[in-house]
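Worksheet: one structure, shown below.
The values are calculated or read from the model by the stated rules, or taken from the named source; none is laboratory data. Quantities reported herein were computed from a predicted structural model and do not represent experimental measurements. Cβ placement follows ideal geometry from the backbone for every residue including glycine, while neighbour counts extend to all protein chains displayed.
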Amino acid sequence: MGVPWYPGHMAKARALVRENVQLVDLILEVVDARIPLSSSNPELEKIRGRKPSLLVLNKADLADPAATTSWQEWFRSQGREAVPADGLTGQGVGDVIKASRRLVQPLMEKLRARGRRRRAVRLMIVGIPNVGKSSLLNRLAGRKRAATGAKPGITRGKQWVKVEGEMELLDLPGILWPRVEDEAIGLKLAATGALPLEYIPVEEVAFWLGAFLLKTAPEGLRSRYDLPPAVEEPEELMEHIAKRRGLLLPGGVADWERTARLLLMEFQRGLLGRITLELPPEEGDQ
Ligand SMILES: Nc1nc2c(ncn2[C@@H]2O[C@H](COP(=O)(O)OP(=O)(O)O)[C@@H](O)[C@H]2O)c(=O)[nH]1
Ligand SMILES: [Mg+2]
């Protein structure tokens with residue numbers, strides 16, 4: 001799938017992230033809990049080098065809690081710590097703060113042993129578009145944010161906001177472009193809203209999502225759309241939704257495009273249940 005990611009923007013964004021990474025003690029890598037691998041950017045691992053990082057499984061309110069636990073365990077088996085969070089309500093943000101402090105502890109002790117003056121721990125948020133970086137930033141910074149950032153012209157250079165527990169957060173999240181390495185990743189990114197629909201036809205995304213839901217999480221579909229048990233194929237599902245919601249073209253045929261948009265929107269709002277679109281690789285998979 002050819003996705004024109006404006007190479008110029010991408011290079012600039014990457015350079016900015018690389019520059020800012022130098023300034024912090026810990027990186028908060030925000031991913032979508034429904035697609036933790038597909039919404040991560042493999043390049044970040046190279047950019048951050050050995051800098052400690054905490055994975056934030058954001059939008060955990062929309063993900064299947066059992067799957068989120070499996071992901072946490074899987075990431076731990078890979079030597080990475082992951083914490084679920086909800087950037088909208090702030091649920092889990094306390095855990096993000098606690099885990100961050102724990103992860104930077106060794107570094108801070110080393111600095112102290114070398115006789116350095118005590119200073120605030122510095123953090124930055126990084127992630128692909130639409131995973132909830134700004135929401136999380138606002139939640140972490142709380143009310144203090146407006147006060148710190150409101151001096152245009154006076155404060156030059158980087159803006160930092162204070163976070164509970166002697167930490168400072170870079171006021172601008174680092175943005176990395178998603179890596180659409182194959183079609184499955186593109187479909188998942190589009191289904192969750194991380195990839196604008198202009199890149200993949202909306203009907204294709206909805207068909208894929210419909211097939212996935214019919215197979216792995218049909219209860220939400222059945223109750224929301226009164227779906228008869230006989231419906232097992234995405235085409236029938238779309239026809240059924242179109243009829244129920246009156247999304248018809250002249251002549252009474254289903255309007256695929258509007259139906260596809262409706263299905264995606266209702267999924268993205270969590271109206272079809274808490275659903276995770278990918279599970280950790282099985283042992284032995286590669
Ligand atoms: N349900 C839910 N929605 C969220 C969460 N975090 C962010 N959002 C929504 O996701 C969209 C993108 O969030 P935003 O913070 O702008 O993402 P950014 O592009 O990474 O900065 C917005 O509509 C948010 O309201 C979350 O944890 N749960
Ligand atoms: Mg943002």
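Scanning the stretch 165-194 for residues that are within 14 Å of ligand 2 (Cβ to nearest atom) and over 20 Å from Leu28 (Cα atoms) yields a total of 1. Would you check if there is a residue in the stretch 125-135 being more than 16 Å from ligand 1 (Cβ to nearest atom) and out of contact with any Asp or Glu (no Cβ under 9 Å at 6 or more places or on another chain)? For the stretch 125-135, residues more than 16 Å from ligand 1 (Cβ to nearest atom) and out of contact with any Asp or Glu (no Cβ under 9 Å at 6 or more places or on another chain): absent. In this structure, Gly127 does satisfy being buried (at least 17 other Cβ atoms within 10 Å of the Cβ) and within 16 Å of ligand 2 (Cβ to nearest atom). Of Ala66, Ala99, Ala11, all but one fail to be under 29 Å from Glu204 (Cα atoms), without any contact (Cβ under 8 Å) to a residue 60 or more places away in the chain and either among the acidic types (Asp, Glu) or more than 16 Å from ligand 1 (Cβ to nearest atom) (or both); the exception is Ala66. Being away from ligand 2 (no atom under 16 Å from the Cβ) and either in contact (Cβ under 8 Å) with a residue 40 or more places away in the chain or aromatic (Phe, Trp, Tyr) (or both): is that true of Leu88 here? Taking the combined requirement at face value, the residue does not satisfy it. Of all residues in the stretch 103-118, count the ones that are surrounded by 11 or more Cβ atoms within 10 Å (Cβ to Cβ) and out of contact with any strand residue (DSSP E or B) (no Cβ under 9 Å at 6 or more places or on another chain). The number of residues fulfilling the criteria is 3. For the subset of the stretch 157-177 comprising residues that are of a type in the set (A, V, I, L, M) and not in a strand (DSSP E or B), which member is nearest to Ser39 (Cα to Cα)? For the stretch 157-177, the residue satisfying everything is Leu176. Considered as a group, the residues in the stretch 213-256 that are within 21 Å of Leu277 (Cβ to Cβ) and among the β-branched types (Val, Ile, Thr) include one that is surrounded by the most Cβ atoms within 10 Å (Cβ to Cβ), and that residue is Ile241. Being surrounded by 14 or more Cβ atoms within 10 Å (Cβ to Cβ) and more than 16 Å from ligand 2 (Cβ to nearest atom) is a description that does not apply to Leu140.
For the stretch 40-85, name all the residues that are within 16 Å of ligand 2 (Cβ to nearest atom) and touching a helix residue (DSSP H, G or I) at 6+ places or on another chain (Cβ under 7 Å). Correct list: Val56, Asn58, Ala85. Whether a residue is more than 16 Å from ligand 1 (Cβ to nearest atom), small (Gly, Ala, Ser) and buried (at least 18 other Cβ atoms within 10 Å of the Cβ) was assessed, and Gly210 passes this test. Could you list, in sequence order, the residues of the stretch 4-48 that are of a type in the set (Val, Ile, Thr) and touching a strand residue (DSSP E or B) at 6+ places or on another chain (Cβ under 7 Å)? Val17, Val21, Val24, Ile27, Val30, Val31 - these are the residues of the stretch 4-48 that are of a type in the set (Val, Ile, Thr) and touching a strand residue (DSSP E or B) at 6+ places or on another chain (Cβ under 7 Å). Listed by first and then second residue, the pairs with beta-carbon distance under 6 Å, at least 6 apart or on different chains, first residue in the stretch 150-175 and farther than 24 Å from Asn130 by Cβ and assigned by TED's automatic domain parsing to the domain that holds Ser53, second modelled with pLDDT of 95 or more and among the β-branched types (Val, Ile, Thr), are Glu164/Ile97; Gly165/Ile97.
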